[in-house]
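Heads up, the thing below is written out as structure tokens.
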Amino acid sequence: MRFDVTQVLDAIERHLTTEAALAQAVVDLGQVAWFDALDGGRAVNLLRVGQTLDALSRHLGEDGIMLYAVAGRDLLTDADLTSKERMVLGRWSGDGIIEVVPVVADRVAEVADITGWPVVTLDGFPGLEGRYPWLHGQPDRVLRLVPGDGGARIVGGQPAPPGAPAGLLTRVWRCQRRDCPSFGERRVATQAVPRLRSGVPVCPRHDEPLVNVGPKPPYVTMALVVDGAVRERFVVRMGRTVTVGRSPDDPSGIMIGGYLTGDAAAMISRNHVRLDLRDDALFVSDVSTNGTIVRSRTSPYSASDPVHLNQGPAYPLKPWDTIELHEGVVLSRADRSLTRTAGGPGSVMGDAPTIYMPPSV
Ligand SMILES: [Zn+2]
């Protein structure tokens with residue numbers, strides 16, 4: 001199997017986000033990229049982010065991991081990056097896929113402090129325990145990255161899923177620079193994590209005060225589970241229909257064709273279901289050829305009642321209901337996911353031999 005760096009970087013990109021509704025953990029991208037003890041190779045290597053994602057995926061038991069990555073300007077200008085890595089980092093920065101800050105300093109711990117997520121770290125941020133007591137008091141939120149398993153391994157506990165967003169994360173914030181990738185006008189429905197400077201929310205990228213433009217519209221984070229493993233997470237917001245299918249017509253729909261094989265690939269329609277969040281209930285509409293089954297449950301452990309949807313009216317989901325597009329292909333609320341397994345075909349490094357890190361790519 002040919003080692004394809006572009007493919008691995010694309011796979012890494014699909015697991016990076018600065019969206020508070022999607023991310024599950026926060027990391028200093030430079031700390032990982034410079035962690036040459038992972039492979040003994042180049043001083044800096046972006047592929048180590050892929051090894052980190054695979055390690056996190058194994059540790060948390062989920063393939064669809066989304067990581068909030070913070071990068072300092074010193075990483076983006078590192079002379080040892082390949083031209084491809086420099087180009088990819090520049091694009092990630094411009095598209096708001098990663099958060100670029102002048103200096104990382106305590107930013108990773110701060111993001112975790114505001115959101116309740118765990119941190120992925122090499123050193124546990126010594127010296128910051130005074131400001132962020134949970135670094136000591138909640139060791140389950142400190143996931144240490146160490147070499148191992150032919151790549152990277154995570155040492156630490158199993159962090160509890162964070163609760164409902166609070167405080168800063170319940171508002172929509174705007175940077176005074178309209179083209180800001182983190183808080184600019186392009187980010188209509190999405191939201192990064194503000195930085196706090198003496199209690200004032202500021203843009204982490206531009207260090208200027210953010211403008212509070214109102215309460216954040218309600219949303220639900222969903223998980224796509226294929227053959228028992230979470231493959232992808234996505235957000236459904238009030239007032240914005242999300243189509244899920246093999247290859248939806250709507251370019252902002254959730255395309256799941258790449259995860260499907262055999263019967264599932266043949267039976268699931270290009271546009272299969274539509275999801276709508278209205279007045280605090282999530283509605284599902286079947287728009288497929290072969291139909292959809294809602295497995296209706298009153299609790300995670302109760303037996304499910306099948307409700308067959310065949311292009312009928314929109315069906316209001318209860319919190320523990322799951323949507324079956326085909327046997328083994330299920331949508332559920334991400335915070336109510338009934339299955340958490342990983343280690344299958346979802347590996348970010350894919351067929352790339354994880355211990356083989358070419359010295360110059
Ligand atoms: Zn900004």
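The values are calculated or read from the model by the stated rules, or taken from the named source; none is laboratory data. Only a predicted model underlies this, so the values are computations on that prediction, with no experimental measurement involved. Reconstructed Cβ throughout: ideal geometry from the backbone, glycine too, with neighbour counts over all protein chains shown. Note: areas computed on protein heavy atoms with side chains; ligands, DNA, RNA excluded. Shrake-Rupley method; radii C 1.70, N 1.55, O 1.52, S 1.80 Å.
Could we say that VAL220 is more than 11 Å from the ligand (Cβ to nearest atom) and under 19 Å from ALA20 (Cβ atoms) here? Yes: the conditions hold for VAL220.
Which residues, taken from the range 170-182, are within 11 Å of the ligand (Cβ to nearest atom) and among the charged types (D, E, K, R)?
From the range 170-182, those within 11 Å of the ligand (Cβ to nearest atom) are 173-182; that's our starting set.
Listed by number, the residues that qualify are ARG174, ARG177, ARG178, ASP179.
Please work out which residue is nearest to the ligand (Cβ to nearest atom), limiting yourself to the range 148-164 and to residues that are loosely packed, with under 15 Cβ neighbours inside 10 Å and not in a loop (DSSP other than H, G, I, E, B). Taking the candidates together, the pick is VAL155.
Among the residues of the range 183-190, is there at least one that is within 16 Å of the ligand (Cβ to nearest atom), outside any loop (DSSP other than H, G, I, E, B) and touching a residue at least 12 places away in the same chain (Cβ under 8 Å)?
Narrowing the range 183-190 to residues within 16 Å of the ligand (Cβ to nearest atom): 183-188, 190.
Of the ones still in play, those that are also outside any loop (DSSP other than H, G, I, E, B) are none.
There is no residue in the range 183-190 that is within 16 Å of the ligand (Cβ to nearest atom), outside any loop (DSSP other than H, G, I, E, B) and touching a residue at least 12 places away in the same chain (Cβ under 8 Å).
The numbered conditions (1) more than 16 Å from the ligand (Cβ to nearest atom); (2) under 27 Å from TRP173 (Cβ atoms) are all true for THR243 except (2). Note on the range 237-274: residues that are under 21 Å from the mean Cα position of the chain (by Cα) and in a strand (DSSP E or B) total 8.
Here is a list: VAL155, VAL188. Which entry is β-branched (Val, Ile, Thr) and at pLDDT 90 or above? Steps first, please.
Numbers: VAL188 fails: at pLDDT 90 or above.
Just one listed residue meets the conditions, VAL155.
Residue check: VAL200 meets all listed conditions (1) open to solvent by 60 Å² or more (accessible area, probe 1.4 Å); (2) away from the ligand (no atom under 16 Å from the Cβ); (3) β-branched (Val, Ile, Thr) but one, namely (2). Evaluation of SER299 against the conditions (1) in a loop (DSSP other than H, G, I, E, B); (2) crowded, with 20+ Cβ neighbours inside 10 Å shows that the sole unmet condition is (2).
Scanning the range 166-184 for residues that are at pLDDT below 85 and open to solvent by 60 Å² or more (accessible area, probe 1.4 Å) turns up just one, ALA166.
Being within 16 Å of the ligand (Cβ to nearest atom) and under 23 Å from the mean Cα position of the chain (by Cα) is a property that GLY167 lacks. For the range 91-131, the tally of residues that are assigned to a loop (DSSP other than H, G, I, E, B), among the small types (Gly, Ala, Ser) and surrounded by fewer than 21 Cβ atoms within 10 Å (Cβ to Cβ) stands at 5.
Looking at the range 25-45, can you tell me whether even one residue there is more than 19 Å from the chain's Cα centre (by Cα) and either under 24 Å from ARG187 (Cβ atoms) or open to solvent by less than 10 Å² (accessible area, probe 1.4 Å) (or both)? For the range 25-45, residues more than 19 Å from the chain's Cα centre (by Cα) and either under 24 Å from ARG187 (Cβ atoms) or open to solvent by less than 10 Å² (accessible area, probe 1.4 Å) (or both): present.
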